[in-house]
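Everything below concerns the one structure shown next.
The values are calculated or read from the model by the stated rules, or taken from the named source; none is laboratory data. These numbers come from a predicted model, not from an experiment. Heads up, the Cβs are rebuilt from the backbone with ideal geometry, glycines too, and the neighbour counts pull from every protein chain shown. Calculation scope for accessible area: heavy atoms of the full protein, side chains included, ligands and nucleic acids excluded. Shrake-Rupley method; radii C 1.70, N 1.55, O 1.52, S 1.80 Å.
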Amino acid sequence: GLSTDPKAGFGKGDVLLMGVAVDKADTAWVATADSIYVRKPEGWAVALPKGQRFISELARGPDGAVYASEMGALYRSTDKGTVEKVKVQRSAYGSLGKLGFSDTTLGVIQNDLEGIAVFLPADAAHKYKSPGDFKLGMLSAIAADDQRRVWVVGEGGVAILGPGAARVSWRSGSMEPIAGQISLVAVLGAGPKLP
């Protein structure tokens, strides 16, 4: 049945909820700005204690695990109701941010103000960085598709990176659908055929 839980159950004072996701076992996960909680039969349990961190996103990956990004680390849920750190290629000065997943294979994370890292599957680990791979300015959204293409949206337009050395980009305003500011991008399955 449907149930609700008060926000106060996730901490004292002002609680900033950052995301909700459900893993492959239909277990619910909640991220606040500084902690991760997992729903167990007896109620909500702390999977990552509060600390000096800022969790920015929580999302389910194609492997059925729940991932949480924070400035200094990427976490993955385990079948035991805990979280573990995931290795991510980082830039020298960047912090981790936005997450994007394809339906079946790829996981990507923003690893700099103008950089993206592929972290899932581990054998596909790769970094994309501006201005060599794309030139969009500050990034606003990322996504991935099952062709192993990475979709990057920024103040300067849209870029589709991969597979391999393939690169396609459209400057903002170069076609009507991307004439204004784009804040979100979602790609389903193999994604569209590019014009």
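The figures follow:
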| quantity | calculated |
| --- | --- |
| Selection within the range 112-143 - within 22 Å of GLY64 (Cβ to Cβ) and open to solvent by 60 Å² or more (accessible area, probe 1.4 Å) | ALA122, ASP123 |
| Qualifying residue in the range 76-84 (condition: crowded, with 19+ Cβ neighbours inside 10 Å and within 24 Å of SER183 (Cβ to Cβ)) | no |
| Positions within the range 45-75 being surrounded by fewer than 16 Cβ atoms within 10 Å (Cβ to Cβ), among the small types (Gly, Ala, Ser) and more than 18 Å from THR105 (Cα to Cα), in sequence order | ALA45, GLY51, GLY72 |
| Some residue of the range 85-101 being open to solvent by 20 Å² or more (accessible area, probe 1.4 Å), more than 24 Å from ARG149 (Cβ to Cβ) and among the β-branched types (Val, Ile, Thr) | no |
| Residue count for the range 144-172, restricted to those that are among the small types (Gly, Ala, Ser), assigned to a strand (DSSP E or B) and open to solvent by less than 10 Å² (accessible area, probe 1.4 Å) | 4 |
| Single residue of GLN52, GLN89 found to be in contact with a His (Cβ under 9 Å, 6 or more places away or on another chain) and not acidic (Asp, Glu) | GLN89 |
